[in-house]
C-alpha cells in the first residue's frame, strides 16, 4: 500500500469515527427532546397542606394530564396559582439523580415548597405534569418547547372552571423553562390569566445551539444539525420554527414578569430581553444578583417566594 492510499484509509477511518460520534450524540439529544426521561412522582408522605390527586383532558387534543390541586377551605372561592415545571422535570420540580443530572448540570428545584407558600397566602394551587413528563400521557411528537404544552395549561383552566371553589377572575401562572414557554404560548389563546411570571423561557434554537457547543465543542454545530433533522424526522417540532420573541409579542394585556439568570450556560439574558422588548404588557425583567448558573434563576424565586407573592398581590388583589 503506497503512502497516498494509506493516508486516504486513515482519513476515512477518522471521518467515520467522527461521523459516528456526531450521529450518536445527535441521536441521544433527539431522544432527550422527544422522550424526556421521567422523574418519579411521589405524593408527600406527610404534609399539612391538603392535596387532591386530579386528572383532566388537555384542550384541543384531549390528552390525559395528571396533577395535584391544593384547595383552600370550602365555602369561599379562592384565587388560584398554577405552577408549570420545566424540561425534563415534573410537577414537583427538579430533583434528578440519574446520569442526566451531570449532563444538564442539574440542581434541585423544589416547586412543591413554592406551592405551599402560595397556599399559605390563601391561594388554591394547581401543579400538574406537562405532557410527556411525570404521570401525564405521551404524544408521538414528544416535547415541543411549549407549543402543544399550552394545550395542557388551557385544559387546566377548563378544569378549574368546573369547580365551585375557584375564583376564575383571579388566575395566576408561574412557569419555569419549558413551562415559561408554555405560559407565553398560552397567553395568546386565553384572556383568563390575570397575571403571569416566566422564569427563564428560552428560544429552542438558541438553547440547543449553546447546549450542543457546551458538550460537543467544535462538533456542536454538526451535532445540532443532525439532532434537528432527527427530531423533525421523528415527528417533533423543528427547533427553528419555535419563535419565542414572536410568542411574547402575542401575550396581550396580561401583566408579565420575567426572571433570568445572567450566568445561564444554555439560555441567555439577551434572549429573554428580546422577548421582554416584544411583550405588550411587560412589568419587569428580574436578573438575580448572584445568578452564576442556569439554576440560580429558578431557585431565586423558589427561595424568595415573597417576590412572587407581592407581584401577584399587585395584579390579582
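The values are calculated or read from the model by the stated rules, or taken from the named source; none is laboratory data. Computed from a prediction, not measured in an experiment: that's the story for all the values here. Cβ coordinates were reconstructed from backbone atoms using ideal geometry, including for glycine residues, and neighbour counts include every protein chain displayed.
Number of residues in the range 289-309 that are outside any helix (DSSP H, G or I) and surrounded by fewer than 20 Cβ atoms within 10 Å (Cβ to Cβ) equals 5. The number of residues in the range 260-286 that are in a loop (DSSP other than H, G, I, E, B), out of contact with any strand residue (DSSP E or B) (no Cβ under 8 Å at 6 or more places or on another chain) and free of Cβ contacts under 8 Å to residues at least 40 places away in the same chain comes to 3.
None of 122, 134, 146 is in contact with a helix residue (DSSP H, G or I) (Cβ under 7 Å, 6 or more places away or on another chain) and not in a helix (DSSP H, G or I) except 146. Say whether the condition of being assigned to a loop (DSSP other than H, G, I, E, B) and without any contact (Cβ under 8 Å) to a residue 24 or more places away in the chain is met by at least one residue in the range 7-21. The answer is no; no qualifying residue exists. Restricting 202, 227 to residues that are under 17 Å from residue 84 (Cβ atoms) and at pLDDT 85 or above narrows the list to 202. The condition of being assigned by TED's automatic domain parsing to the domain that holds residue 291, within 22 Å of residue 259 (Cα to Cα) and not in a helix (DSSP H, G or I) holds for only one of 175, 141, that being 175.
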